[in-house]
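Report on one structure; see the data block that follows.
Only the coordinates and a few stated rules stand behind these numbers; no lab work does. The structure displayed is predicted, hence computed values, not measured ones.
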Amino acid sequence: MLIIIDYRSPKESKEKLKKIGDVVEFSSSHVTYNAISGHPDVFFCKTNDNLIIAPNTPEKYQQLLTSKGIPFVKGICCVGNKYPDSAIYNAVVTESHLIHNLQITDKTIIENTKQLKTLSVNQGYTKCNLLALGNETYITSDIGIFIALKKLDYKVLCINPENIILQGYSNGFFGGTCGIIDDTIFINGNLDYFPDGRKVRKF
């Protein structure tokens, strides 16, 4: 199993993940702005049927996927240096929905999710802000996404992203710190030091 994470992730996180799979430290240069240059979810979007990647994903990662026998489809648009071009692959795809700012979503993602319901939100960095837990249950750090999902009567926890570190910004986003393998949620950080840590655990 390949586990792709930001190369700047804490050593403790990398060591724990190495016990589960092959950890790949992701980085890019001169593609997008530095704060998100190591974020895999800026370059990759996993749909129910395909792994869609930006065509300007660094070649070494494309070669790695190929060498591991992991099929992928290249999107149409390249990740750019500024928003919204930096967020075109940052969509959330669940068993039932494509959730993203659909005005900026790469057309390849839309084509690959035609059978799903769509939910368009204002936040282009949807994947960074939203953790989909299955069974229409979500955790988000974006109030707009929270409102949109609550209107559909889904189970949603909205949390304060304070204390989530993103270099050069006042805070990062909760969804971007998380990953799911089988039934286990992995958080790149410590909930004991997170203001809404208790809420997350209880939820």
Problem set entry | Cα gyration tensor category, rounded, prolate or oblate, for segment 1-41 with a/c compared to 1.5 | prolate
Problem set entry | Antiparallel content of DSSP bridges confined to the chain, in %, to 5 | 45 percent
For this session: Could you state the orientation-averaged shadow area of the convex hull built on the Cα atoms of the chain, in nm² to one decimal?
Result: 10.8 nm²
Seminar exercise, completed: Taking a straight Cα-to-Cα line shorter than 21 Å from residue 150, and setting aside same-chain lysines fewer than 8 residues away, one finds 117, 127, 199, 202
Problem set entry | Ratio Rg/Rh [Cα only; Rh per Kirkwood] for segment 138-191 | 1.01
Exercise. Using modelled amide H (1.01 Å from N, peptide plane; none on Pro or chain starts), what sits under 5 Å from the amide H of residue 123, excluding residues fewer than 5 places away?
Worked result: none
Exercise. Where does the chain land at 222 nm, in deg cm²/dmol rounded to the nearest 500, when only DSSP H runs of n ≥ 4 count, each adding -39500 (n - 2.57), divided by all residues?
Worked result: -5000 deg cm²/dmol
